[in-house]
1. Taking H placed 1.01 Å from N in the peptide plane, check which residues at least 5 places from L107 or on another chain put their amide H under 5 Å from its amide H.
2. Just to confirm the filter: which trypsin sites (Lys or Arg not before Pro) across segment 155-236 are DSSP coil and have at most 11 other Cβ within 10 angstrom of their Cβ?
3. Quick one: which residues, 5+ away or cross-chain, put their amide H under 5 Å from the amide H of E215? H built at 1.01 Å from N.
4. Using a 10 Å cut-off on Cβ atoms, rank the peptides 206-214, 268-276, 176-184 from the highest mean neighbour count down.
5. Using 1/(1 + (r/R0)^6) with R0 = 30 angstrom and r between the beta carbons of E157 and E236, what's the FRET efficiency to the nearest 0.05?
6. Starting from the Cα of S200, step 7 Å along the direction of its Cβ; do the same at H106; then give the gap between the two resulting points in nm.
7. Return the distance in nm (one decimal) between the two label points of a simple spin-label model at Y185 and R45, each offset 7 Å from Cα along Cα→Cβ.
8. Can you divide the C-alpha Rg of segment 4-295 by 2.2 N^0.38 Å and report the result to two decimal places?
Amino acid sequence: MPLSCIDLSPRMGSEVKITKSELMSGRRASEIRALLDQRGILLFRGLAPDDSELRAIARTLGDLRIGAAKRTADGKTLTEGEEGILKVSLDETVNPEYARFLIGNHLWHMDGTYEEIPPLATLFTPFRLSKTGGDTMFANTYAAFDDLPDGEKAELEKLRVVHTMQAALFPAKRDCTPEEFAVWYSYPQRLHPLVWHHRSGRKSLVLSTSGAYVEGMHPAESHDLLQRLMAHATQEKYTYRHKWRMGDLVIWDNTGAMHRVMPFDRESGREFHRATLNGEESVTATSDRLVPASIRVSA
Ligand SMILES: [Fe+2]
């Protein structure tokens with residue numbers, strides 16, 4: 001019997017009706033992976049997985065990320081939380097290492113654009129919600145590319161973009177201290193093609209606020225192009241806005257979608273638990289080139 005699904009928006013997102021035990025069994029994993037690839041995000045209502053269940057579901061779908069994901073300027077290694085579960089909260093008592101980086105979540109982004117192989121997908125479930133705000137928005141970067149004129153697609157496929165942590169975070173915190181900026185600047189930069197040729201044969205835009213500039217392009221033209229593409233890709237027709245309920249589990253495809261959280265009460269204690277699936281393919285073979293420090297520029 002096929003999976004029971006309801007579209008959440010025309011171009012993105014499906015709600016999947018499945019019991020927690022069936023999801024955890026892995027019996028439908030290949031169908032769920034295929035649906036995730038096609039629809040960008042999957043919603044499961046009323047599952048309320050605890051941490052061990054979240055890990056189990058993640059492991060049916062891919063390679064659960066455990067261990068070092070980021071390294072700070074002072075040499076600390078930030079791990080993906082306890083055994084693969086990261087607590088996403090602005091409260092520094094909940095997650096002292098990550099809270100300072102989460103400000104960037106308010107802006108459209110892909111996760112892990114600093115990595116050679118960005119994460120495949122994220123599993124996200126709420127443990128406490130803010131009474132106001134805090135919806136998560138998703139944008140389908142496959143659809144946004146598909147709809148461009150052929151001539152423009154061909155031009156974009158020639159371009160590469162430098163992704164930096166300071167480009168991702170400075171717009172979200174323009175009153176940062178020099179020390180904060182220095183920490184952001186300490187992260188490796190990454191050069192990715194603007195268009196991802198997936199091994200499936202599909203193509204998507206590699207867009208994120210971390211995209212600082214287009215390699216070799218005049219800064220003014222680069223700025224205008226990235227701004228224009230971001231505006232194009234986040235039009236309502238390519239997006240889905242999720243209003244969270246306790247019990248929800250959302251899985252999104254990080255390789256073909258951007259996401260952002262809408263403003264919420266910082267004192268609300270909003271807390272989500274996240275499991276990340278490691279990526280399975282480079283953006284392209286050229287994306288494993290780090291940008292030499294000698295040609296780094298600030299965002
Ligand atoms: Fe994110």
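Just so it is clear, none of the values below were taken in a lab; they were calculated from the coordinates. Note that the structure is predicted; figures quoted are calculated from it, not measured. In this analysis, Cβ positions are derived from the backbone assuming ideal geometry, glycine residues included, and neighbour counts consider all displayed protein chains.
1. Excluding prolines and chain starts, which carry no amide H, the hits are V261.
2. K158, R174, R199
3. Sorted by chain and number, the residues that satisfy this are R160, V161, V162.
4. 206-214, 268-276, 176-184
5. Once the sixth-power term is evaluated, E becomes 0.70.
6. Distance between the two pseudo-spin positions: 3.3 nm.
7. That separation, rounded to one decimal, is 5.0 nm.
8. So segment 4-295 has a normalised radius of gyration of 0.96.
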